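Just below is one structure, and these are the notes that go with it.
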Amino acid sequence: MFDFLEGYDVLGAFWMTVKLTALSAVGSLIWGTLLAAMRVSPVPLMRGFGTAYVNIVRNIPLTVIIVFTSLGLADIFGVTMGAADNFDVQGFRLAVLGFIAYTAAFVCEAIRSGINTVPLGQAEAARAIGLNFSQTLRLIVLPQAFRAVINPLANVLIALTKNTTVAAAIGVAEAALLMKEMIENEAQTLAIGAVFALGFVVLTLPTGLLLGWLAKRLAVKR
Amino acid sequence: MKLRKVTAASAAVLALALSATACGGDSKDDSSSSGSGGGGKIKIGIKYDQPGLGLKEPDGSFSGFDVDVATYVAKQLGYDADQIEFVETKSADRENALARGDVKIIAATYSITDERKQKVDFAGPYLLAHQDLLVKKDSKISEATDLNGEKLCSVTGSTSAQNVKDDFAPKAQLKQYGGYSECIAGLQSGAVDAVTTDDSILAGFASQDKYKGQFKLAGLKLSNENYGIGVKKGDSATLNKVNAALEKMVSDGSWQKAVDENFGPADYKNEPAPKVGVIVK
């Protein structure tokens, strides 16, 4: 029944999906946290940059961003991410860059909502004992904020996992690209679609369950 | 708390049920309106995004070789041009569109292959295309082996891309995009050295006004693509009528006229009209 799978590296394609997701997740968590810090910082220029970035980037369709990284950054401006002679590596790095740029906007907003759950008194107390802004944020506010936003971040992570399929648009050999290739060759649209849908459920369902459990355990009881 | 859970669950069930019935209703409407056929309209599947073959123009009209063939065939089946309803059939959806009865026939760069023949019947072939390369006018690439080390572009998952990787030039740098327009843009800007797919498709792109005179076909015959007209499996009445229509189109000269009109400006050397039922391997 599943003989159409023969000759295709389905696991390899999903491994590419996992790599794209993992690298983009780490990158967007870092960049998103920085953006969130900017948005709550006392410096108007930083606040303005953070707000502008989030509102612009999250309103651009991801496909446009990903295709731009390849057609615009690489082809026109020559940004090849240190892989000018290898389109496979170049496409992968450009895609990760695009996913980080896009997902960070959502991570930023999730974290900012978490910061809003931390009572104002916490920051006031921190200031009272002489901590500056960055110390207050790093030591007092963000640790509590993160524990409050594990569930929203899990949503962002699951969305990111599925969004990696857009990388097929610039030829990164992940699951969606293999799916197109198989549908092109095999004329078995439904069965192939089902296999790849199942693959994504296998990737995302445990993520959701694990992070949901973590969120319950780590939530700050107020 | 318990009450809230029950409410949430029942809301979810309700939403599911609603969406399920909505889908069911839609598809039933589609099939009944096209299935009855006969007097009213004929639905024909084409591509909307391939200049020279099947293209939806900004004003809503359709142009291209596939469109011309489909219009001619529909005429022979007893439908005037205003009785034709063109439906977009993307590559991945062609078999299902026929099986569901969404369209009566499909003329959309549909290469006849053994795998597909298990799902649909093919009339024709009506055009023999070859995988080829589109290069800049002054390019030195003239053989498939020249591609090694060069940058080549094709569309994600397409057979052409796989052929190059597997057979012709394993050392070529292959860039894959979601559509051919991105590849052509890359070729124009110099980011890639060649674009590969069926010569008919490449000729269609190169014939567009904005690209006229910039590109040429390398003229390689890297594969044989026999374009057929897809008909629902087992619908031999339609199949025979379409075949008869295709034969007539060739014999009365309309076929050559359609080829010249649609691929002319790209210096495309077409194969002679294929004979119905003869598939060039």
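Just to check, using Stokes-Einstein with a Kirkwood Rh over alpha carbon pairs, what's the diffusion coefficient of segment A:96-206 at 10 °C and 1.306 mPa s in µm²/s?
Rounded, D is 94 µm²/s.
Over chain A, with a Gaussian network built from C-alpha contacts below 10 Å, which listed residue (A:Gly12, A:Gly193, A:Gly130) shows the highest mean-square fluctuation?
Greatest mean-square fluctuation among the candidates belongs to A:Gly130.
Return the residues of segment B:73-106 for which accessible area with all protein chains present is lower than in the chain on its own by 10 Å² or more; set the probe to 1.4 Å and exclude ligands, DNA and RNA.
B:Ser91, B:Ala92, B:Glu95, B:Asn96
Pop the C-beta distance of A:Val10 and A:Arg217 into the FRET formula with R0 = 25 Å and round what comes out to the nearest 0.05.
0.15
Let me know the shape class of segment A:1-60, please: from the alpha-carbon gyration tensor, a ≥ b ≥ c as square roots of the eigenvalues, rounded when a/c is under 1.5, otherwise prolate if a/b is greater than b/c, or oblate.
Prolate shape, in that a/c is at least 1.5 and a/b is the bigger ratio.
Explain nothing, just the number: dipole magnitude of chain A about its Cα centre with +1 on each Lys and Arg Cβ and -1 on each Asp and Glu Cβ, in debye rounded to the nearest 20.
That gives a dipole near 1640 debye.
Starting from the Cα gyration tensor of chain A, take the square roots of the eigenvalues, sort them a ≥ b ≥ c, and report rounded, prolate or oblate (rounded when a/c is under 1.5, otherwise prolate if a/b is larger than b/c, else oblate).
Since a/c reaches 1.5 but b/c is at least a/b, the shape of chain A is classed as oblate.
Springs between alpha-carbon pairs under 10 angstrom, Gaussian network model over chain B: which of B:Glu88, B:Glu261, B:Glu225 fluctuates most?
Ranking B:Glu88, B:Glu261, B:Glu225 by mean-square fluctuation puts B:Glu261 first.
Number of Lys pairs in chain A with C-alpha atoms less than 25 angstrom apart, excluding same-chain neighbours closer than eight positions?
Close lysine pairs found across chain A: 4.
If you roll a 1.4 Å probe over the heavy atoms of the protein chains, what accessible area per residue do you get for the protein assembly as shown, in Å²?
Roughly 49 Å² per residue, with all protein chains present.
From other protein chains only, count the Cβ atoms within 10 Å of every residue's Cβ in A:175-186, then give the mean.
Partner Cβ neighbours, averaged per residue: 5.
Report the extension gain between B:Asp59 and B:Glu85 in nm, rounded to one decimal, defined as 0.36 nm multiplied by the number of residues separating them, less their alpha carbon distance.
Extra length from B:Asp59 to B:Glu85 when fully extended: 7.8 nm.
Shape of segment B:131-240 from its Cα gyration tensor (a ≥ b ≥ c, root eigenvalues): rounded if a/c is under 1.5, otherwise prolate when a/b > b/c, or oblate?
prolate
What number do you get for the protein assembly as shown when its Cα radius of gyration is normalised by 2.2 N^0.38 Å, N = residues?
In units of the globular-protein estimate, the protein assembly as shown measures up at 1.17.
Tell me, what is the percent relative contact order of chain B, built from C-alpha pairs under 8 Å that lie six or more residues apart?
Value for chain B: 24 percent.
Taking a probe of 1.4 Å and counting only protein heavy atoms, give the total accessible area buried between chains B and A in Å², rounded to the nearest 100.
Summed over both sides, the interface buries about 2100 Å².
Over chain A, what is the relative contact order in whole percent, taking alpha-carbon pairs under 8 Å and six or more residues apart?
Reported as a whole number, the value is 28 percent.
Label A:Ser41 and A:Asn55 with points 7 Å out from Cα along Cα→Cβ: what is the distance between them in nm?
With each label point 7 Å from Cα toward Cβ, the separation is 1.9 nm.
Anything in chain B that counts as a DSSP H helix reaching 15 Å or more along its axis (C-alpha) with Kyte-Doolittle mean of at least 1.0? List them, would you?
Helices meeting the criterion: none.
Can you give me the distance in nm between label points at A:Ala22 and A:Gln144, each placed 7 Å from the Cα along the Cα-to-Cβ direction?
Label-label distance for A:Ala22 and A:Gln144, simple model: 3.5 nm.
Tell me, what is the FRET efficiency for B:Asp260 and B:Asn240 to the nearest 0.05, using R0 = 25 angstrom and their Cβ-Cβ distance as r?
For B:Asp260 and B:Asn240, the calculated efficiency is 0.30.
Provide Rg over Rh for chain B; use the alpha carbon set for both Rg and the Kirkwood Rh (inverse mean inverse pair distance).
1.06
Of the listed peptides A:57-69, B:46-58, what is their order by residue-averaged count of other C-beta atoms within 10 Å, with the highest listed first?
Taking the mean over residues of other Cβ atoms within 10 Å, the ranking is B:46-58, A:57-69.
To the nearest 10 degrees, how steeply does helix A:175-186 sit against the main Cα axis of chain A, on a 0 to 90 scale?
Helix A:175-186 sits at roughly 20 degrees to that axis.
Can you compute the FRET efficiency between A:Asn86 and B:Asp138 using 1/(1 + (r/R0)^6), with r the Cβ-Cβ distance and R0 = 22 Å? Round to the nearest 0.05.
Using R0 = 22 Å, I get an efficiency of 0.25.
What dipole magnitude, in Debye to the nearest 20, does segment B:168-281 give about its Cα centre under +1 on Lys/Arg Cβ and -1 on Asp/Glu Cβ?
The calculated dipole for segment B:168-281 is roughly 260 debye.
Relative to the longest principal axis of the C-alpha atoms of chain A, give the angle of the C-alpha long axis of helix A:189-218, reported between 0 and 90° and rounded to the nearest 10°.
20 degrees
Report the Cα centroid-to-centroid distance between segment B:113-182 and segment A:1-48 in angstrom, as an integer.
Centre-to-centre (Cα) distance: 32 Å.
The values are calculated or read from the model by the stated rules, or taken from the named source; none is laboratory data. All of these numbers come straight from a predicted model, not from anything done at the bench. Counting neighbours? That spans all protein chains shown, and the Cβs are built from the backbone with ideal geometry, glycine included. Note: accessible area is taken over every heavy atom of the protein model, side chains too, but ligands, DNA and RNA are not part of it. Shrake-Rupley method; radii C 1.70, N 1.55, O 1.52, S 1.80 Å.
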